[in-house]
Amino acid sequence: MIPLFGPVPGGMELIVIFIMAILLFGVPLTIFGGIFVLHRRSQEQVSELRDEVDELRTELETRERERE
């Protein structure tokens, strides 16, 4: 089986990468980097949800106009 996106690290590899990052950069920098990534992802998800809500609102408004 050939992976579509190339070799992606799995569970054990991610643990080893995390341990190496802690050893190289220290605990605070690694934790703050992880928090920053999580914050960025959550902001992207919030913006995607807002876009979807706007699309649904416009669709509802057009359906209501068609009924009248």
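Condition check for GLU55 on (1) under 16 Å from the mean Cα position of the chain (by Cα); (2) of a type outside the set (Lys, Arg); (3) at pLDDT 90 or above: one failure, at (1). Would you check if there is a residue in the range 9-20 being modelled with pLDDT under 80, surrounded by 10 or more Cβ atoms within 10 Å (Cβ to Cβ) and of a type in the set (A, V, I, L, M)? The answer is yes, given that some residue of the range 9-20 is modelled with pLDDT under 80, surrounded by 10 or more Cβ atoms within 10 Å (Cβ to Cβ) and of a type in the set (A, V, I, L, M). Could you tell me whether GLU66 is surrounded by 10 or more Cβ atoms within 10 Å (Cβ to Cβ), at pLDDT 80 or above and of a type in the set (D, E, K, R)? No; evaluated as a whole, the condition is false for this residue.
The values are calculated or read from the model by the stated rules, or taken from the named source; none is laboratory data. What you see is a predicted model; the values in this text were computed from it and never measured. Reconstructed Cβ throughout: ideal geometry from the backbone, glycine too, with neighbour counts over all protein chains shown.
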